Amino acid sequence: MKIVSAKVVVCSPGRNFVTLKIETDQGVYGIGDATLNGRELAVVSYLEDHVVPCLIGMDPRRIEDIWQYLYRGAYWRRGPVTMRAIAAVDVALWDIKAKMAGMPLYQLMGGRSRDGVMVYGHANGSDIAETVEAVGQYIDMGYKAIRAQTGVPGIKDAYGVGRGKLYYEPADAALPSVTGWDTRKALNYVPKLFEELRKTYGFDHHLLHDGHHRYTPQEAANLGKMLEPFQLFWLEDVTPAENQEAFKLIRQHTVTPLAVGEIFNSIWDAKDLIQNQLIDYIRATIVGAGGLTHLRRIADLAGLYQIRTGCHGATDLSPVTMGAALHFDTWVPNFGIQEYMRHTPETDAVFPHDYRFEAGYLYCGERPGHGVDLDEALAAKYPYKPAFLPVARLQDGTMWNW
Ligand code: EZ4
Ligand code: CO
């Protein structure tokens, strides 16, 4: 069996996606996602110029060997561009293998560990009152877990506050838009949001919050401590994780559960945090961290320390990643939660899929493979549109972490 073609499709049905389609001499094909929000074309070039020529003629059944070939063979290891390209190949090859086996992907991974995959949705509003109302709408839709982000008076376009209710998308301009940040104002305001949420809805639902790398370790510890009475499911990316020692300080001061890793691209980014038990949830996901082949190694390492998974699932991860993630989530023993931001109807039409939402859970389908396809003719109607993520500056103009 041989790979006869590998094609990179760039389309923008509401937002940009980079998709890899690998075809074999036996007519079976596989689909992988390679989207890197705001840096899409770098991955296109990596795939088209440096990966696809090597794939032609290879045996698509040798998933592990091809993974090692692309990882070790490049000499230059890791990084978001490289690991997304590897992820796209890996997921397309797992799709092919599962189709050949006539099985949904979760069966190949080891079979079902649970009936459904608990997901969390994104509720947000321009202030506390609006956000409390938005959380109520998610509760009414059946969600068991909800992430809450609020605008903060005096901060321009605080992170996580979208224009639409269901389709929040941060990459919104042909050049990065400039947003604001003020830690003092956020520390005054965010705990009040959760106080209000618990007063209004009680303690039955899981509530989450994303710090989006904005706080210093000491400020993060302070926030975690202030949020303790409200029993969050997790506090995410509360400080940047390049310096992993920083999490020791946070841990010494708060029992609020911590989640990190949506920008991690390999097990090496996560190893120290996991082995020192400095986090509770690992956010690495399939497209970000080298595909299923690599993500399951991260999950297994995390499992040794009772750390559970919480795969990134924003709209910049295409339905292909969501489909594959749901098979992974259905299998992985130490599953925690799955992020789920809905795609627009345009995106869903370009990527026909068989997963479905019901009462707070997503269910992967039973179709052979990961269950997500690409409608190439429809994709061609939505050409690439330059779109950058925003940047953030403090009030005096200092560049901050977006
Ligand atoms: O800002 O995926 O938890 N979710 C997030 C996301 C990220 C986007 C960046 O492309 O932090 O919304
Ligand atoms: Co996040």
Surrounding net charge for E40, when Lys and Arg each add one and Asp and Glu each subtract one, Cβ distance under 12 Å:
+2
Projected label distance in nm at K185 and D65, using a 7 Å step from Cα toward the beta-carbon:
5.8 nm
Using 0.36 nm times the number of residues separating Q275 and R39, minus their current alpha carbon distance, what extension gain do you get?
81.8 nm
Rounded to the nearest 0.05, what FRET efficiency do E346 and R198 give with R0 = 56 Å and r taken as the Cβ-Cβ distance? Could you check?
0.90
If you rank C54, C11 by how much accessible surface each has, with a 1.4 Å probe, what is the order from largest down?
C54, C11
Between 0 and 90°, nearest 10: helix 183-201 axis offset from the chain longest Cα axis:
90 degrees
Judged on accessible area alone, 1.4 Å probe, highest first, T200, T24 line up as T200, T24
What longest region of the chain stays clear of GluC sites (Glu not before Pro) that DSSP places outside H, G, I, E and B and that have at most 15 other Cβ atoms within 10 Å?
1-241
Charge tally for neighbours of D316 with beta carbon under 9 Å away, counting Lys, Arg as +1 and Asp, Glu as -1, is 0
Hey, got a sec? Which chymotrypsin sites (Phe, Trp or Tyr not before Pro) in the stretch 183-215 land in a DSSP loop and have at most 11 other Cβ atoms within 10 Å?
F203
Set K156/K225; K21/K99; K192/K248; K97/K271 screened for pairs whose C-alpha atoms are more than 19 Å apart:
K156/K225; K192/K248; K97/K271
At 1.4 Å probe size, with every protein chain present, just tell me what the per residue accessible area of the chain comes to in Å².
39 Å²
With every protein chain in place, what's the accessible area of I96 (1.4 Å probe, Å², nearest 10)?
0 Å²
Orientation-averaged projected area, Cα convex hull of the chain (nm²)
18.0 nm²
Ordering F335, F247 from largest to smallest accessible area (1.4 angstrom probe), what's the sequence?
F335, F247
Tell me the relative contact order for the chain as a rounded percent, counting alpha carbon contacts under 8 Å between residues six or more apart.
23 percent
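The values are calculated or read from the model by the stated rules, or taken from the named source; none is laboratory data. None of these values were measured; they are calculated from a predicted model. Because the Cβ atoms are built from the backbone with ideal geometry, glycine has one as well, and the counts that use them run over all protein chains shown. Each accessible area value is taken on the protein alone, full model and side chains, heavy atoms only, with ligands, DNA and RNA left out. Shrake-Rupley method; radii C 1.70, N 1.55, O 1.52, S 1.80 Å.
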